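Only the coordinates and a few stated rules stand behind these numbers; no lab work does. Note that the structure is a prediction, hence the values are computed from the model and not measured. So basically every Cβ, Gly included, is an ideal-geometry build from the backbone, and we count neighbours across all protein chains shown.
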Amino acid sequence: MSDILQQRQQELKRNPFNPPQDYFTSLEEKVQARIQTGNRNTIAGFLKPALFMACCFGMIFLLGYGAMKLTRQHESGTEQGLSMYEYDLVMMVMDESIEESSEDTSSINSEDEIIDYIMMQGTSSLYAVLYDSDNN
Amino acid sequence: MLKDSEIIDLYNEGESLQAFNLIVRKYRERLYWHVRRMAISHQDTDDILQNSFIKIWTGLPSFREESRLFTWIYRIVTNEALTFLKRQRLRTLIPLSIECRQLEADEYFNGSQVQKALLKAISKLPPKQRTVFGMRYFEEMKYEEMSQILDTSVGALKASYHHAYEKIRKELLNFQ
C-alpha cells in the first residue's frame, strides 16, 4: 500500500505556519509581565479557595446548628408525650398557678417536678385544658 | 548562545531572571512549533506557551539537574499542551470540527492542501497519540528521549506512533 507520509515527507514536514510578526519578542515581554504580577496573583490565588472553604464550612455549621436546634425544641416538647400545643398550654397554666402559689417554687427545675407540682396543687384549669385538647 | 549547563550555573550564582530570560530566548521558537502542531491555533499555542514558561520559572528552584534542562522544559510544555487538549475535548462535544474550522480560518497558515489535510488528520487523533506523532514525525526525536519527556516506555511509544501513523496514512489516501 502506498505511503504518502514517506513519499511526500519533504513537503509534509515543511512548516506550514507563520507566527505573527515580532511574536517571539512579544512573548518574552508577556512572560516577563506575568512574572512581575505573579506574586500578587499567587496571594490572591491562595486566599480565594481558602475563603471559599471557610464560607462552605460556615454554611454547613449554620445549617446543622439550625436543624439541631429545631429538632431539640420539638423533642423537648414531646418527650413527655405532649404535642407542642399541649406543652405550651401546660407551661402557660403552670406560670399562672406558680404565680398564684405563695410557696417557694425556685427549686422546681425539671418537667417531672413541674407536673408533680401541678398534681399536688390540683390546678383545675390545667386539667380542663388538657381534657379539651385530648377531645379535639 | 549559552549551553544549558552554563545557564544553570548562572541561575545558581543568583542571576535567576537573567538565566530564565536566556532559557526563554533559547527555546521559545522550538517550543512554539512543538506546541503549534499539537494545538494548531496560534492563540491556544500562545496561551500554552505562556503558562508553560511561568511553570518553568516557578519550578526552576526545584530543578535538581537529574535530567537535562531541555528534557525538563520539554516535559513541562508537553504536559501543559496535553492538559489543554484533554480539557478542550471535555469542553466541546465535537472538538475536531472546531480545530478544522480554526485551520480553515487561520490567517497564519500558508501550507499546501496536503499539509492542511495532514493537520486535520492529526487533529482527529487522541492527545497523546498526537503528541507522539508530532515529536517523532516532525521533530524526528529519538524514542529514548521521548520516553524521558513523556514518562512512557519506548515500546508503548512505538506502538502509539504506529497507530497514529496508520490512521493518518489512511486519512490521506485521497492525496496519492
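Miscellaneous remarks
- Using θ = phi - 60° and Karplus 6.51 cos²θ - 1.76 cosθ + 1.60, couplings along the stretch B:18-26 (whole Hz; Gly, Pro as x): 5, 5, 5, 4, 5, 5, 4, 5, 6
- Charged-residue dipole, Cβ positions (Lys, Arg, Asp, Glu), chain B about Cα centre, Debye nearest 20: 860
- Largest-first principal axis extents of the Cα set of the stretch B:10-71 (Å): 38, 22, 17
- The shape of the stretch B:1-140 can be summarised by an equivalent ellipsoid whose semi-axes, obtained from the alpha carbon gyration tensor, come to 31, 15, 13 Å from longest to shortest.
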